[in-house]
Each structure stands twice: as structure tokens, then as C-alpha cells.
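The values are calculated or read from the model by the stated rules, or taken from the named source; none is laboratory data. What you see is a predicted model; the values in this text were computed from it and never measured. All Cβ positions, even for glycine, are placed from backbone atoms using ideal geometry, and neighbour counts span all protein chains on display. Remember, those area values only see protein heavy atoms, side chains included, never the ligands or the DNA or RNA. Shrake-Rupley method; radii C 1.70, N 1.55, O 1.52, S 1.80 Å.
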Amino acid sequence: MNRDASRLYEIWENEPAPNRGADYEQVKSRGYPYDEDWEYHSYPIGNGYIGANLFGRTDSERVQITDKTLHIEGPYPGRGGLSNFLELYLDFDHADTTNYRRALNLNTATATVSYESIGICYNREYFASYPGRVVVIRLTADTTGALSLKVRPQIPYVNTKEPGDRRSVTTVVDEDLITLSGTMAFFPCNYEAQVKVLHGGGQLSADHESITVANADSVTILLATGTNYRLGPHIFLNEPDKKLDPDFYPHEEVSAIITQAVAKGYEKIKADHLADYRNLFDRVAVNLNSRPSSLPTSTLLAKYQQGQRDTWLEELMFQYGRYLLIASSREKSLPANLQGTWSQYECTPWSGGYWHNINVQMNYWGAMSANLAETFESYIAFFNAYLPKAREYATDIVRQNHPDLVMEGADNGWIVGTGANAYYIPASRGHSGPGTGGFTSKLLMDYYLFTGDRAFLEDVAYPAMLSLSRFYSSTLVPHGDLLLVEPSASPEQRATEDQLHEMPGHMTESGHYITVGCTFDQGFVWENFNDTLILARLLGKEDPFLKTIEEQMAKLDPILIGRSGQIKEYREEDAYSDIGDPRHRHISHLCPLYPGTLINAASPDWMAAASKTLDLRGDRTTGWAIIHRMTCRARLKEGEQAHGLYALLLSEKTTPNLWTLHPPFQVDANLGLVAGVAEMLLQSHEEYIELLPALPEAWANGSFKGLVARGNFVIDAEWIDGRVTRITVTARNGGKCRLAYPGIGSAYVVHADGKPVAFEEGQNDRIIFNTTKGGSYLLLLAEEIQMRRA
Ligand code: FUC
């Protein structure tokens, strides 16, 4: 048994990534095979603000840079969309290379490249520092004076024809510094990138767009970006041409980042980067019955896809999800978007946006349980910034549909629709109902429940949830004894003409089915009402409106079981798939199971119906949709099925750089699988902290450290042959700890100071004991006690 679960996680290959689209003109429109080079093979690093994709090439290295704030008009007129910021080429022209290796080390968030060419051994290191806001590339060789290369940054897509997608560019080379600046026509967005080339030994020379290094011993390249984007309510409230200050140029800010980095020096920047990153990454260790593999990642993946399901890959993928979340979502940066923070495209698929009918929420599902709650701070800031616009939408909707209920000058709630991005949020209309609001507020609820952050509860979570409850409360429509959401839409589900004949709903021009009271909407209204009431009780609030929503809750009737034994997606459906695509990727009617909590072990009939629904829907679908099924199977405590879905994602929707595909690449499945794995190992939504609720046979022996349960209990556990032997609970906030596990009643519980701890034994293999803030408790289960005796 490996008690020290700190392991080296690397993604690596023994050849460079292909770059058939080195000429970016070839990759500017989406389409394989050129996209494959970037999407399947390049390695991502990031510091929340900037993402960089590395190819590790020895002829001309390509470092592709994305900054989340740089947008063109994009695929949806008037709204904005993420665009590639910069291509940095490092021309080495090294031929006849041997002993080549490129790796992305997840323990240090550092990428490396090493090889030999004509008897000289070359090394490179790349990392993106969050504290320094800078991308660092360090080149060394084992022979003095051996480093010669041309540093050649380029702004991509300057020749585009679309007026809203144009960008201007000026390149200035001043000794060791290249400055590229310009304006994106649409908002207009002023941008600047600086590339600083520091050399030990040798000489520099420059032309009008590049710097050539000759015969250096070492080279350090520093790269920083900036734009005139400033997150705040004005971004969402204002018209496109009033969102940004056209007179603000990020020159001073970018210069300051570079000046500070130069002053700090490579060693110190790296030390700060490691301290910052490891503080987050090292909190969680897992051992999923695996032994580290020595195979290159593409080989490991190929073998897995051929049926050799090495659990090392499953473990690596979980830690990679945590890595990608840290790299793409940090406080003061924008939240992780649909591609995290990585896009080589002129026009990023789905605008590189924040899609609120599952994708952006999925990005953060694993943040809390995988001990990275801080990464959600960027979404909280984004939420606070868009809230005033979301309030306008809510007031408009109430005014249009329920003029008698609109409260002029008062709070009519808020609502956010599906296709948001860094510059824009939509109202809820069309193919996804207003459940998108509750889908979002569930994250706020969970952030509070996991962290216990009282100030967040008082200042953000409770006001936001109360306000969303106001919107829902005034827009529910009486139908007999019930209160139903109207109009209502189960995200992106479509109806055929034949189905429509029989059904009361109607079809939009795009073929989406619009109706009354679908499970997605009713479910999220229920969840938000319920969560609002829980928080109100915690805060001791007394507001007559709370009584109103309590009464309304009783009339929601959100969960219905149909003739096929399924959870109905629509009230009007009888047998499964009376309406809609029976294999649809969205399983929105199972949101009350995950991330919601309405369907839980207290209602076995609903659990059985949810399981049946998943059987009927089938597993084979797009990346993120596999992961939603996985989290649902975990909640149903169906470990084998949850694991099967994980294996399916790895087998069919995972690329050699371990990115996941919709296709194209979307980061949601990469990040969502963190929640999927965590949810198989630890759950806490049913009042008790449950150990190994959905453990598959493949993980029969293993351990984890540092997963978090609601109440801010940090849990470590070890198990042998599927049976937990020991558990450690660290109570970050103190309070009553409730644990559930078969046989836990006979556990021996001891405080870190060695004193035995008394506990109450509840029913069904549950125990409760008091903890103190910061206290740590060890529980030895019968198997461990026996082993010790033997
Ligand atoms: C949702 C999904 C799509 C896609 C898009 C970005 O609308 O239904 O499949 O992932 O988001």
C-alpha cells in the first residue's frame, strides 16, 4: 500500500507535436487534419490570464498564445468571440535530433523539451507564472555558446476580410524587446504583447520583426500580454462600442510585468511559480489501484483504447483535470471558458464562451471536492459583474409576461441564458429554459457548503439565491393545482413534426421544443427555492417571501415517472422518447440528481427511474455529456457504470495530449471528470459524508488524500479489496462530522493528539462526532485493527 501518494504525473512523448499548420493561414478555419496538430498534440500551460500551447519542435518551435480578454466580433454578430492572440516562433533549425523527449509535468506545471543534435544536448523549460503574470521559456545547452535561434512573434489573422474580425498591428523591435500592439476593430479592443529576450553569453541582433540570438549559453524569453478589457457591470450593460475604454492602451501594464520579471530573474520567478502552483496542486493525492507507467502518453492511451485499461491513465487524467483548472481559472482572471483559456482559432468554436446550459457549470463541478475552491473565485467575480444586466433581463421578462407582478425600482430577480462570453450575457430564451439560472446558483450554494465562507454566504450566495427565487416566484404560472415554468425548454432537445401532432408544445424555427414545466426548469426552481430556504434558516432570516416560496415549492411537482420507468423529461410525455431525440446528449431532466440533490437515496423510486433513464439514453455521446452521465451514475452509487463512462471518455473522446473532445476540443469534460472521479470516492450531499459510494472493481485497492466534503472536512482514506481500512478527517471549520460507511460503527476514532474520541452511532452504518476547528481525527476500521493485531 502506497501511503505516500505523492506521485510524478507527466504527459510526455518522444517526438515533437506535428505542426502542419505552422503557417497559421492554414489553421484559421476549423477543420481537420490541421486542427489535429494543435488540438490533439500540443501541450497547454496557463496562468489564468494567458494560455500557451507548446509543440516542442526542433525546426521551428510554435508557442501559440491566447489571452481570454482578446475578442473579435466572432461567430454571433454583435456579441464577441475569443480569438488567437499571438504565434511565437523560435527558429532553431536543428536537424538529426536524437534522445528527444517533451513532457508536461503536472506536479510543477512546467513543460520541458530535451534532445541532442550534432553532439549537443539542448534543454527547454516553459511555464506560465500566475504571480508574475508572465510566460517564461528557458533555453540551455550542455555546451557553451551552443544556442542560436531566431525569436519571431507574429500576430495572426491580420488579413481577414470580415470587418468585425479585423485587427491592426504594429511591431517594434528595440534591442532585446519585441512589442506587438494594435486594435481589434470590433469593440474596439486595444492589445499589446511584449517578448523579452535575455541571453547569457553570445550576441543579439534584430530586424524589424525578430531577434536573432547567436552562440549564447542560455536564453530566457519572457512574454506578457494585456488589453483594455476591465471586468465590471459596464461590460454587460453597455453597447459593444461602449464596453471598453478606447483611449486606454495596456502598454504601461505590460511593460511593468516585463520589468518586474526581469528584476526578479528566472530563478525567483520559477520559485514563486512553484510555491503558488504547488500550494493548490499538492493538496490532493490519489492512488487508483495503479502503478506509474513508463510509456509515452500516446502509447498508454492507444493501449487503453485497445482494451488495456491501465488505471494509471485514469489517475493521470484526474490530476490533469485539476492542473487544467488551476491553469485556466485564477482569482482576478476571467473564469475558465469553453476551451479553458486555449484557442488557436481566429473564430473560436462557440465563441470560447460561457455556456450556461451545462458547460461552464461543469467546469467548476470538481473545484470544491478536489480542493480547488479558490479557482471558483474568478466565476464569482464574473457573476457579480454580469448581475446588473441579468437583473435587467429578469425585470423585462416579468414586465412582458406578468405586468401585474413587476416591482418597479425593486428586485425582480435575475436570469442568465445560455451563450455568454467575456463581453456578453444573454437572457434565457429559445432552446434552454430559465433553469439555467438555478443551474448557476447551484455553484454558489455548493461553494458555500464546501467552504463554509460566512462572508460569501451573506454577501453573495444568499442575496443571489433569494433574488433568483423572486424571479422564479413571479414567473411561475398556475396550471390547476400546480405552478409551472412557462415557457419552458429542456436544453437543446428537439421535436419531430410527428411528435408535435400529439403534443401541446410548439417548435421554434430551429426545431427546438418549447413547452410548459419541463423537468429541467421545474427541478432547478425547486433546487433554488430549497437552497434559499436552507440558507435563510442558517442566517436566521425572517421574510414573508420565504413563506411564499415554501408554499410554491409544494406545487412544483418536479419529478414524474413515466410508463417506461423513466424520469420524464416533459410532463406531457408518457413513454420514454415520446418527445425529442432518445439519444440526446443533454440529460437535463437528470439535473435534479446531479448537480441537484432532489433525487437522492431517500426516494429509491426516483433513483431507480433515473438509472432506467440513463440506460434508455445510452452512453455513447459527446465528451461533456459522457461526464454528466458519469456524475449521475456516481450519485446513483453505480460504480461500475460510472467507471465504464470514464473509460468511454478515455477510449473515444480523448486525444494524445489528454484533451477531451466534443469534438472539437472543449475543456468541460476535462474539468468535469474531476467531479466524476471525486464523486465516486466521496459524497456529501445527503447529510452524511459517504466514503467510496461508487467504487468500481478496477479501483479495488487505493487511497486518496485531500478530497473535500461539504462542511469543509478534508478527507483522506485508504482501502484494500474494496474495504476502507482507515480514514483521516481534518475539520477546517470544526463542527459535527457525520460519516457513513458499512461497519463504521465499530471504528476506533482517535484525535491527532492520541486521545480517543467518543462518537454517537446513528442508523445505517453512520457515526457522528464533534470536531474542533483545525482538528484532525484518525479512524481505524475493523480490517485495519485486525491487521494491526495479526
Ligand atoms: C451546449 C451543448 C453543445 C456545445 C455547446 C458549447 O450548447 O449542447 O453540445 O457543447 O454548449
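Could you report the chain's accessible area per residue, 1.4 Å probe, as an integer in Å²?
Working: 27730 Å² over 790 residues.
Normalised by residue count, the accessible surface of the chain is 35 Å².
Under 5 Å between amide hydrogens, which residues at least 5 positions from Val134 or on another chain qualify, with H placed 1.01 Å from N in the peptide plane?
Those qualifying (amide H under 5 Å, at least 5 residues apart or on another chain) are Ser129.
If I fit a long axis through the Cα atoms of helix 435-451 and take the longest principal axis of the Cα atoms of the chain, what angle between them do I get, 0 to 90°, rounded to 10?
Computed tilt is about 80 degrees.
Rank Thr311, Ala700, Gly438 by how far each Cα sits towards the positive end of the charge dipole of the chain (+1 on Lys, Arg Cβ; -1 on Asp, Glu Cβ) and give me just the farthest.
Going by the Cα projections, it comes out as Ala700.
For segment 504-563, which GluC sites (Glu not before Pro) are both in a DSSP coil and crowded by at most 14 other Cβ atoms within 10 Å?
Taking segment 504-563 and a limit of 14 other Cβ atoms within 10 Å, the loop GluC sites (Glu not before Pro) found are Glu509, Glu542.
Using 11 Å as the cut-off for backbone N distance, which residues of segment 140-154 belong to the label zone defined by a point 7 Å from the Cα of Thr212 along Cα→Cβ?
149-151
Cα axis of helix 604-617 to longest principal axis of the chain: angle in degrees, 0 to 90, nearest 10?
Tilt relative to the chain: about 50 degrees.
Going by the alpha-carbon gyration tensor, a ≥ b ≥ c the square roots of its eigenvalues, is segment 133-292 rounded (a/c under 1.5) or, if a/c is not under 1.5, prolate (a/b greater than b/c) versus oblate? Provide the component values of the computation, followed by the final result.
Working: a/c = 2.13, a/b = 1.22, b/c = 1.75.
Note, shape of segment 133-292 comes out oblate.
Expected output is a single nm value to one decimal: the length gained when fully extending between Asp721 and Glu408, i.e. 0.36 nm times separation in residues minus the C-alpha distance. What is it? Intermediate results must be reported in sequence, preceding the final value.
Details: separation 313, 0.36 × 313 = 112.68 nm, distance 6.28 nm.
The span from Asp721 to Glu408 would gain 106.4 nm if fully extended.
Pop out the carbon and sulfur fraction of the accessible area of the chain as a percent, whole number, probe 1.4 Å.
Details: 13460 of 27730 Å².
Here carbon and sulfur together make up 49 percent of the probe-accessible area.
At a Förster distance of 25 Å, what's the computed FRET efficiency of Arg788 paired with Ala700, Cβ-Cβ distance as r, to 0.05?
Working: r = 21 Å, r/R0 = 0.85.
Calculated value: 0.75.
Given R₀ = 51 Å, what would the calculated FRET efficiency be for Thr98 paired with Glu550, taking r from the Cβ atoms and rounding to 0.05?
Values: r = 72 Å, r/R0 = 1.41.
The formula returns an efficiency of 0.10 here.
Loop-only check: which trypsin sites (Lys or Arg not before Pro) in segment 147-217 are DSSP coil with at most 10 other Cβ within 10 angstrom?
Counting only loop positions with at most 10 other Cβ atoms within 10 Å, the trypsin sites (Lys or Arg not before Pro) in segment 147-217 are Lys161.
Rounding to the nearest 10 and keeping the result within 0 to 90°, find how far the Cα-based axis of helix 544-553 lies from the longest principal axis of the chain.
Value to nearest ten degrees: 80.
At R0 = 30 Å, how high is the FRET efficiency between Glu760 and Leu539 if r is their beta carbon distance? Nearest 0.05 is fine. Please report the intermediate quantities before stating the final value.
Numbers: r = 27 Å, r/R0 = 0.90.
So, using R0 = 30 Å, E works out to roughly 0.65.
Work out how much length Met507 to Ala302 would gain on full extension: take 0.36 nm times their residue separation and subtract the Cα-Cα distance, in nm to one decimal. Walk me through the numbers before you get to the answer.
Numbers: separation 205, 0.36 × 205 = 73.80 nm, distance 4.30 nm.
The Met507-Ala302 span can extend by a further 69.5 nm.
Could you tell me the convex hull volume per residue, in Å³, taken over the Cα atoms of the chain? Kindly include the intermediate steps, with their values, before the conclusion.
Numbers: hull volume 134.0 nm³, N = 790.
In the chain, the Cα hull volume divided by residue count equals 170 Å³.
Need one number: nm distance between label points at Gln203 and Glu392, each 7 Å from Cα along Cα→Cβ, rounded to one decimal.
Placing both labels 7 Å beyond Cα along the Cβ direction yields 6.0 nm.
Under a plain spin-label model, where a point goes 7 Å from the Cα along Cα-to-Cβ, how far apart in nm are Leu500 and Thr143?
Label at Leu500, label at Thr143, 7.3 nm between them.
Give, as ranges by residue number, the residues of segment 302-341 whose backbone N falls under 17 Å from the point 7 Å along Cα→Cβ of Ala455.
331-332
Find the centroid of the Cα atoms in segment 324-352 and in segment 189-237, then give the distance between the two in whole Å.
20 Å
So, in nm, how far is label Asp241 from label Asp282 when the simple model puts each one 7 Å beyond its Cα toward the Cβ?
5.4 nm
Counting other Cβ atoms within 10 Å, which GluC sites (Glu not before Pro) in segment 322-425 have at most 12 and lie in a DSSP loop?
Working: sites: Glu331, Glu346, Glu374, Glu377, Glu392, Glu408; in loops: Glu331, Glu346, Glu408.
Sites meeting the loop and neighbour criteria: Glu408.
Farthest toward the dipole's positive end in segment 416-563, which of Ile534, Thr548, Leu484, given Cβ charges of +1 (Lys, Arg) and -1 (Asp, Glu) about the Cα centre?
Ile534
Give me D for segment 108-200 in µm² s⁻¹, whole number, from Stokes-Einstein with Rh from the Kirkwood sum over alpha-carbon pairs, 25 °C and 0.890 mPa s. Present the calculation step by step, with values, prior to reporting the outcome.
Working: Rh = 16.0 Å.
Rounded, D is 153 µm²/s.
If one computes the Cα centroid of segment 754-783 and of segment 386-464, what distance in Å separates the two points?
40 Å
Which value in deg cm²/dmol, rounded to the nearest 500, describes the helix-derived mean residue ellipticity at 222 nm for the chain, given -39,500 (n - 2.57) per DSSP H run of n ≥ 4 and division by the residue count? Spell out each step's value before the answer.
Values: 17 runs with 229 residues, N = 790.
Value at 222 nm, helices only: -9500 deg cm²/dmol.
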